[in-house]
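Colleague: Got a structure for you, written out below as structure tokens; questions coming shortly.
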Amino acid sequence: YTILSKVHSDRNVYPSAGVLFVHVLEREYFKGEFPPYPKPGEISNDPITFNTNLMGYPDRPGWLRYIQRTPYSDGVLYGSPTVENVGKPTIIEITAYNRRTFETARHNLIINIMSAEDFPLPYQAEFFIRNMNVEEMLASEVLGDFLGAVKNVWQPERLNAINITSALDRGGRVPLPINDMKEGVYVMVGADVPFSSCLREVENPQNQLRCSQEMEPVITCDKKFRTQFHIDWCKISLVDNTKQVSTFQEVIRGEGILPDGGEYKPPSDTLKSRDYYSDFLITLAVPSAIALVLFLILAYIMCCRREGVEKRNMQTPDIQLVHHSAIQKSTKELRDMSKNREIAWPLSTLPVFHPVTGEIVPPLHTDSYDNTSMPLMQTQQNLPHQTRIPQQQSAGQY
């Protein structure tokens, strides 16, 4: 039958507070809990992913991170435990998912945080390595090589890796999909001796100027890292906790700080009745009365204070009124004449006499006829009631 879920025995780890903690979730450890491929003898290489969370919560503690690039690579839990969790066991639930069979396997990781000696280390330096990803830096051999290079430069009696952070968690951009492009990683280390002169070279004014101009500073010990690690010296951070002054100040009550008001007292459940008559007068009656008064004043000005024609005539000189009256009369007379005028017909359109009888021939059209299209000269052939005059014939025909 198919086993949907299996629970492994708990595993206990004992990291120290303030020291980097790394725990690898190996795929080979969970492969034996999933059924093999249908064909016997075939090598099992199922895609496996992991889900990690604090017991009873949907996510991990704030100091603990998890990364897994592909379902065919191991997962890594890493982080720097805090002093607040010393003595308190932290139970992490780890669930492995087989993406081929959709089966799960679970076990618990119990993290017992121990207090470290001489914690915290007073001198801390954070390096930014450009040619590394976080999972590459978490490998024990790579991290050991980097700590060896730092110890060779710093020469401390005690050196610990405090924390490792991906550049993406610091707001960095995702690199281009090129083989040599890495996202970068921040590595913080701590020591018990002051910083060496090589590390102090970053604080020189010349190197600070070169960093402001986006130029690489000149560091004498860079060649000890360059063979394997490309360090951005402009992003190095040196912290001396021995010179750190406590910023805690006692709160002095005064202006700007509210006094203690005691316990919160909610209002009672019973509400008293309230008279809204005064509110009605203020919000509706008063504005309406003001608007009515303004309306009456405007109506009096517009209707009762009109000057009129008589006042205008009284303020106008007499000679101007005479001229105006004469112009009006002349204009009216011209308009009346234009209505009653009769247009004389052109001579070419007057009636003609009959050539024989001498009678006046009536006009061709009435007075209402549009004479704009009438020809100016009428031919004899167009005249009605016209008698043809006999033409003189030749002698032979006579």
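The values are calculated or read from the model by the stated rules, or taken from the named source; none is laboratory data. This structure is a prediction, so every number in the text was calculated from the model and none was measured. Methodologically, a virtual Cβ is constructed for each residue, glycine included, from the backbone with ideal geometry; neighbour enumeration extends over all protein chains shown. When the accessible area is computed, the model is the full protein with side chains, heavy atoms only, and any ligands, DNA or RNA have been set aside. Shrake-Rupley method; radii C 1.70, N 1.55, O 1.52, S 1.80 Å.
Colleague: Please enumerate, by chain and number, the lysines with C-alpha under 29 Å from the C-alpha of residue 339, excluding those fewer than 8 residues away in the same chain.
Modeller: List returned: 329.
Colleague: Enter the accessible area of residue 88 (Å², nearest 10), with the probe set to 1.4 Å and all protein chains included.
Modeller: 120
Colleague: I'd like the accessible area for residue 113, computed on protein heavy atoms only with a 1.4 Å probe and all protein chains in place. Round to 10 Å², please.
Modeller: Around 10 Å² of this residue is reachable by solvent.
Colleague: Could you work out how much longer the chain between residue 112 and residue 263 gets when fully extended? Use 0.36 nm per residue separation minus the Cα distance between them, nm to one decimal.
Modeller: 50.3 nm
Colleague: Where the centre of each part is set by its Cα atoms, how far does the range 177-238 sit from the range 296-334, in angstrom?
Modeller: 97
Colleague: Residue 14 to residue 214: extension gain in nm, 0.36 nm per residue of separation minus the Cα-Cα distance?
Modeller: 67.7 nm
Colleague: Please give me the summed charge of the neighbours of residue 215: other residues whose Cβ is under 15 Å from its Cβ, Lys and Arg +1, Asp and Glu -1.
Modeller: -3
Colleague: Shifting gears a bit: Using r as the Cβ-Cβ distance of residue 57 and residue 270, and R0 as 35 Å, what FRET efficiency do you calculate, to the nearest 0.05?
Modeller: 0.20
Colleague: If DNA, RNA and ligands are ignored and the probe is 1.4 Å, what is the ranking of 276, 186 by accessible area, most exposed first?
Modeller: 276, 186
Colleague: Same structure again: Please compute the Kirkwood hydrodynamic radius of the range 121-238 from all pairs of different C-alpha atoms, in Å with one decimal.
Modeller: By the Kirkwood definition, the hydrodynamic radius is 14.8 Å.
Colleague: A follow-up question, please. I need the calculated FRET efficiency for the pair residue 284 and residue 310, taking r as the beta carbon distance and R₀ as 56 Å, to the nearest 0.05.
Modeller: 0.80
Colleague: Of 323, 230, 107, which has the most accessible area with a 1.4 Å probe, and how do the rest follow in descending order?
Modeller: If we order 323, 230, 107 from most to least accessible, we get 323, 230, 107.
Colleague: Let me ask something additional. Work through the residues other than residue 28 whose Cβ is under 12 Å from its Cβ and net out their charges, Lys, Arg +1 and Asp, Glu -1.
Modeller: Once positives and negatives cancel, what remains is -2.
Colleague: Now, a different point. To the nearest 10 square angstrom, how much accessible area does residue 25 have with a 1.4 angstrom probe?
Modeller: Residue 25 exposes around 0 Å² with every protein chain in place.
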